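A quick write-up on the structure given underneath.
Since every read-out is calculated from the coordinates, none of them should be taken as a lab result. Remember, predicted model here, so these are calculated numbers, not experimental data. So basically every Cβ, Gly included, is an ideal-geometry build from the backbone, and we count neighbours across all protein chains shown.
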Amino acid sequence: MIEIDRVTKVFGSAADAFRALDTVSVTIRQNEFFTLLGPSGCGKTTLLRVIAGFVDPTEGSVTLEGQDLLRLAPYERPVNTVFQSYALFPHMTVAQNIGFGLEMQGKPGEEVRRTVGEMLDLVRMSELADRRTSEISGGQQQRVALARALAPRPRVLLLDEPLSALDFKLRKDMQLELKRLQSETGITFVFVTHDQEEALTMSDRIAVMNAGAIRQIGSPRDIYDHPAERFVADFIGDTNFLEAELLTVEGERAEVRLASGREIAARAAEGGAGQGPVTVAVRPEHADLAPEGEGLLPGRLGDVVYFGTDTHFHVDLDAGGRFVVRRQNQPDQAEARGRGDRVSVRFGPGVGQVLRD
Ligand SMILES: Nc1ncnc2c1ncn2[C@@H]1O[C@H](COP(=O)(O)OP(=O)(O)OP(=O)(O)O)[C@@H](O)[C@H]1O
């Protein structure tokens with residue numbers, strides 16, 4: 001639906017030029033909840049602003065269903081933005097805020113009233129329609145901002161960290177709410193966040209960005225289970241990195257030799273190299289502890305940290321480095337192992353992901 005093709009944005013002039021986006025290409029599908037995820041300063045907001053029309057790219061093209069978006073002024077684009085700072089009018093009521101854009105467009109009064117009513121229902125704010133927005137909570141303001149952006153029925157809704165001002169509990173509720181709104185309206189959502197958990201729980205697909213470039217695009221499960229490179233594996237979730245020797249690659253299947261000397265099947269990175277030293281990533285919850293002599297990586301147990309839902313076992317590997325195993329807790333389960341015990345780390349064939357770098 002949205003085709004972003006080799007978009008580059010350079011801010012400043014020759015002497016202090018800064019490349020905020022570097023040949024970024026991505027296709028966003030219709031009705032998709034698409035998330036741009038990355039650390040602060042990686043270019044997420046700039047890319048969103050290119051789609052909205054607030055930033056002109058230095059090079060590249062952006063089309064929406066084949067139409068050249070770059071030739072259209074921001075207000076001519078079938079796109080609306082929800083900002084982090086809701087930007088509501090405090091002296092107006094909830095209903096007036098939601099209807100404001102429609103009135104500016106010159107829509108007839110009856111149509112404005114009907115749409116505002118539908119939007120109030122959609123965001124579950126009908127009871128507060130006549131309150132001023134200065135007299136409602138942060139979460140409620142967020143709903144009004146969403147309703148106002150959805151009211152003109154844009155083809156695409158751009159959301160720039162819209163939940164970051166909310167407290168933890170409210171943010172969790174609004175994550176589900178946003179997901180519901182997206183599937184009920186069928187509008188394509190492009191969502192910007194630096195919060196990996198938010199991205200994993202809400203998105204159909206995620207583009208992970210770093211330093212002005214997209215490093216990997218995939219479903220949350222793809223990105224989490226099969227990170228292609230160290231940056232992605234490190235940025236999303238917790239990961240153990242193991243030095244290994246790549247022996248063979250056949251399609252997605254790789255054979256690697258671990259530092260302990262054991263040879264195991266791992267998953268190859270797309271476009272990965274042939275042979276030689278590589279890094280293998282293993283998620284802490286994808287590994288387990290085995291008695292000494294049985295697993296893949298022998299070592300000695302260090303810290304054992306209880307987190308309520310799970311326990312983290314820190315293993316100092318004989319081959320060097322530390323490996324964290326995470327195990328989900330069961331009620332009243334006593335932990336037999338303790339610091340200093342000899343153990344071994346084990347994980348199944350194909351669990352280790354060979355990284356591209
Ligand atoms: N108008 C501008 N002039 C110069 N540099 C800019 C401008 N806008 C953004 N930048 C720079 O471009 C880089 C990317 O900024 P952007 O706002 O896209 O990052 P971001 O990934 O959204 O980060 P955050 O999560 O902190 O908002 C940053 O280093 C920023 O300082």
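Rundown of residues vs (1) out of contact with any strand residue (DSSP E or B) (no Cβ under 6 Å at 6 or more places or on another chain); (2) surrounded by 23 or more Cβ atoms within 10 Å (Cβ to Cβ); (3) more than 30 Å from Val354 (Cβ to Cβ), yes/no style:
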position: Leu120; (1), (2), (3): yes, no, yes
position: Arg143; (1), (2), (3): yes, yes, yes
position: Pro152; (1), (2), (3): yes, no, yes
position: Gly186; (1), (2), (3): yes, no, yes
position: Asp195; (1), (2), (3): yes, no, no
position: Asn210; (1), (2), (3): yes, no, no
position: Ala213; (1), (2), (3): no, no, no
All positions within the range 274-312 that are among the β-branched types (Val, Ile, Thr) and surrounded by fewer than 14 Cβ atoms within 10 Å (Cβ to Cβ): Val305, Thr309
Condition met for Ala228 (small (Gly, Ala, Ser), out of contact with any His (no Cβ under 8 Å at 6 or more places or on another chain) and within 16 Å of the ligand (Cβ to nearest atom)): no
Residue satisfying condition, being surrounded by 17 or more Cβ atoms within 10 Å (Cβ to Cβ) and free of Cβ contacts under 8 Å to residues at least 12 places away in the same chain, within set Arg77, Arg49: Arg49
Selected residue (only one of Gly308, Gly320, Gly293 is outside any strand (DSSP E or B) and within 27 Å of the chain's Cα centre (by Cα)): Gly308
